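Asker: I have a structure here, written as structure tokens, and I will follow up with some questions on it.
The values are calculated or read from the model by the stated rules, or taken from the named source; none is laboratory data. Model, not experiment: these values are computed from the prediction. Note that each Cβ is placed from the backbone with ideal geometry, even for glycine, and that neighbours are counted across all protein chains shown. Quick note on the areas: whole protein, heavy atoms, side chains included, nothing else; ligands and nucleic acids left out. Shrake-Rupley method; radii C 1.70, N 1.55, O 1.52, S 1.80 Å.
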Amino acid sequence: MLIRKPDDILPSEITDEAVWRSRRELMLRAGLTAAAVGLPGWTARSAFAQGASAQDAGVLTGKPDAAFSVMDKQTPLADVTSYNNYYEFGVDKADPAANAGKLQTRPWAVSVEGEVARPRTFTIEELLKLAPMQERVYRLRCVEGWSMVIPWVGYSVSELLKQVEPTGNAKYVEFVTAVQRENMPGVRTGILDWPYVEGLRIDEAMNPLAMLVFGVYGKVLPNQNGAPLRLAVPWKYGFKSAKSLVKIRLVEKLPVSSWIKAAPQEYGFYANVNPNVAHPRWSQATERRIGEDGLFSPKRKTLMFNGYGEQVASLYQGMDLKANY
């Protein structure tokens with residue numbers, strides 16, 4: 001049973017600056033970005049949060065899906081929309097809310113191609129009508145050691161993949177994100193090799209928990225959260241949930257994701273949340289919940305597969321999860 005109530009919720013506020021800053025310093029040491037500057041003050045972040053939550057986002061509701069929702073306290077919308085990793089718009093947490101307003105989300109289309117019987121390009125309008133919208137409250141766990149609880153609106157990735165009829169050669173699914181050089185300041189630097197690419201095994205992508213997201217908190221997805229559609233793969237670290245998708249390719253060979261390409265010694269293909277396997281620079285045993293756990297509060301224990309083991313552990317039966325991190 002997925003639904004559970006945490007017994008270790010602690011009051012308060014934000015995550016450690018040092019935790020996420022070390023990931024940023026990796027890029028600085030590697031000479032990957034010339035644009036990275038100091039952390040904006042929390043005053044500035046609060047201003048961005050106010051603007052983000054007040055933006056003119058349209059209503060997008062979904063039927064509550066209790067079977068796939070957790071009962072954890074939800075992260076405030078202001079935090080969800082202002083504390084983001086979206087390097088196309090900058091490397092600081094407040095940069096996406098500050099810079100993503102120029103992202104053009106209409107017209108928008110997603111091509112689904114590769115090892116499929118019926119390749120097709122879907123407009124965003126077609127995707128919004130492809131399956132009934134559901135609201136699912138998912139945990140999100142970042143590899144940097146912080147987490148959120150977010151009510152996403154969308155439907156299972158499998159609903160889309162069934163439309164194109166994957167062939168027997170489709171072993172993996174590659175997700176490619178948008179590059180708008182004139183609107184994304186981050187892609188004009190060498191932060192990563194653009195476009196951002198992620199991947200899943202076909203059975204992972206077909207698992208009903210893997211979700212295409214179009215909205216959050218009953219509203220159309222804000223630009224800084226990956227508009228107009230993104231992935232949510234709640235049992236994996238957040239970088240697996242690619243934003244602003246433009247292409248989905250079903251392939252026979254394992255895709256090379258952006259973070260594997262940038263730092264193969266630190267990032268693996270699977271990226272399943274695992275408190276027993278540390279990242280080279282961060283322990284994964286505990287996490288700080290944004291909007292709840294204060295800077296000086298004890299961190300909460302991280303759950304195996306982010307608490308979704310009942311739904312996904314069978315996908316990895318017999319695998320060495322330390323070797324296949």
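Asker: In region 269-284, which residues are in a loop (DSSP other than H, G, I, E, B) and under 19 Å from the mean Cα position of the chain (by Cα)?
Answerer: F269, Y270, A271, V273, N274, P275, H279, W282, Q284
Asker: Counting only residues that are open to solvent by less than 20 Å² (accessible area, probe 1.4 Å) and among the charged types (D, E, K, R), how many does region 237-248 have?
Answerer: So the count comes out to 1.
For (1) small (G, A, S); (2) within 27 Å of Q163 (Cβ to Cβ); (3) at pLDDT below 95, each residue gets a yes or a no:
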{"site": "V220", "(1), (2), (3)": "no, yes, no"}
{"site": "P228", "(1), (2), (3)": "no, yes, no"}
{"site": "E252", "(1), (2), (3)": "no, yes, no"}
{"site": "I260", "(1), (2), (3)": "no, no, no"}
{"site": "N274", "(1), (2), (3)": "no, no, no"}
{"site": "E292", "(1), (2), (3)": "no, no, yes"}
{"site": "Y308", "(1), (2), (3)": "no, yes, no"}
{"site": "A313", "(1), (2), (3)": "yes, no, no"}
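Asker: Now for a separate question. With the condition kept exactly as written, say whether any residue in region 249-268 is part of a loop (DSSP other than H, G, I, E, B), without any contact (Cβ under 8 Å) to a residue 24 or more places away in the chain and open to solvent by 20 Å² or more (accessible area, probe 1.4 Å).
Answerer: yes
Asker: Here is a follow-up. State the number of residues belonging to region 275-325 that are open to solvent by 40 Å² or more (accessible area, probe 1.4 Å), farther than 28 Å from A94 by Cα and in contact (Cβ under 8 Å) with a residue 60 or more places away in the chain.
Answerer: So the count comes out to 2.
Asker: Additional query: Residues of region 226-265 being touching a Lys or Arg at 6+ places or on another chain (Cβ under 7 Å) and of a type outside the set (A, V, I, L, M), which ones?
Answerer: Once the filter is applied, which keeps residues that are touching a Lys or Arg at 6+ places or on another chain (Cβ under 7 Å) and of a type outside the set (A, V, I, L, M), region 226-265 yields G226, R230, P234, Y237, G238, S241, K243, S244, E252.
Asker: Moving on to the next point. Find the residue count for region 187-236, including only residues that are among the β-branched types (V, I, T), over 19 Å from A97 (Cα atoms) and crowded, with 23+ Cβ neighbours inside 10 Å.
Answerer: Summing the residues that are among the β-branched types (V, I, T), over 19 Å from A97 (Cα atoms) and crowded, with 23+ Cβ neighbours inside 10 Å in region 187-236 gives 1.
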